[in-house]
Amino acid sequence: MPDTVTLTSPVAGVATLTLTRPEHLNAMTSELVGALHARLDDLGDDPDVRVVILTGAGRAFCAGLDLNGYGAPAATVAPAHGALGVALATQEEIADLVLHLRRLPQVVIAAVNGPAAGGGLALVLGADIRLAAESARFSAAFIKIGVSGCDIGTSWLLPRLIGAGAAHEMMLTGRLVDADEAARRGLVLDVVADEILMERALDEAALVLANSPLGVRMTKETMWASLEISGLAAAIALENHTQVLCLSSPDQHEAVSAFLEKRAPRWQTS
């Protein structure tokens, strides 16, 4: 069987994960979802990788669930739970991808090279930085197949990126949003020609790599956690603890020395 998620290393410190079912627009099956979970597990344990670029093979990023059949979920379901248990296990297996992206210590850049619908949109939302090719299209397509438009974290993530009004309209209609509108709404950071999308993603990765490994990791953890904190005082308390932790790192001292000596820093931590 061909690998449904391929891993490459274009430059030091960067890994690229490519969804690789181009003949099916990289639609999600149990095989692809399981392979993506496995790849994320491997990368989470790799101290040499600091940025992960997530993209799709062919002309799509990810068309969402494969309507020709998902397959059996990896989780073992007791026979007594029947079809409902299988459905819940499948739902949890797919939805946990967004949480998995968030738990990953590395920064995740979504390089959206074409349509990102349903579960594909959710993967984009779960990334830390989002870039789009001109051919990118976005849709909360769940509602188009007769289920709720709120799925895989979309109802929580999308309003926080583009505002409640615009997010609610996307979820209720399931319409296609082109790359330019996505940029205007704040769904993606930048739109570039298709042929330079990966170059743009690598440039963004280089900006991240220029900063200290611990500082970047703590920034990712804190910025996501702060979205779930209800008050300013609690957010500041979390920031204070994070900063004290970073101040104890050799990289903080190296950053100051490099700045004063007008040279590039030499990071030690990962």
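Over segment 5-209, Cα pairs under 8 Å with separation of 6+ residues give a relative contact order of 19 percent. Taking the three principal axes of the alpha carbon atoms in the chain, the coordinate ranges are 61, 43, 42 Å, sorted in descending order. Shape summary of segment 117-270, radius of gyration then Dmax from alpha carbon positions: 18.9, 61 Å. When the Gaussian network model of the chain links Cα atoms closer than 10 Å, the mean-square fluctuations of R184, R39, R21 top out at R184. Take the Cβ atoms of A235 and L207, set R0 to 41 Å, and the FRET efficiency comes out at 0.95. Each principal axis of the Cα cloud of segment 1-42 was evaluated for its coordinate range; sorted largest first, these ranges are 31, 21, 16 Å. Dividing the convex hull volume of the alpha carbon atoms of segment 40-163 by its residue count gives 128 Å³ per residue.
Once the Cα atoms are used to define both axes, helix 197-209 deviates from the longest principal axis of the chain by about 40 degrees.
Ordering P73, L101, L84 by the projection of their Cα atoms onto the charge dipole of segment 60-135, which places +1 on the Cβ of Lys and Arg and -1 on the Cβ of Asp and Glu, puts L101 at the extreme positive end.
Length gain on complete extension for the stretch T173 to A83, per 0.36 nm per residue less the alpha carbon to alpha carbon distance?
Stretched fully, the T173-A83 segment lengthens by 29.5 nm.
Considering only M218, M28, M198, the mean-square fluctuation computed in a Gaussian network model of the chain, springs between alpha carbons under 10 angstrom, is largest for M218. For the pair Q243 and D3 in one chain, pulling the backbone fully straight at 0.36 nm per residue adds 82.3 nm over the alpha carbon distance. Evaluated on segment 146-190, the Kirkwood hydrodynamic radius is 10.8 Å, with distances taken between all distinct Cα atoms. For the chain, the longest principal axis of the alpha carbon atoms and the long axis of helix 232-247 meet at an angle near 60°. Relative to the globular-protein estimate of 2.2 N^0.38 Å, the Cα radius of gyration of segment 213-261 stands at 1.31.
Model label sites at D96 and A264, defined 7 Å from Cα along the beta-carbon direction, differ in position by 4.0 nm. For the chain, the longest principal axis of the alpha carbon atoms and the long axis of helix 164-173 meet at an angle near 30°.
FYI, it's all coordinate maths here, none of it is from the lab. These numbers come from a predicted model, not from an experiment. Backbone-built Cβ (ideal geometry, glycine too); neighbour counts: all protein chains shown.
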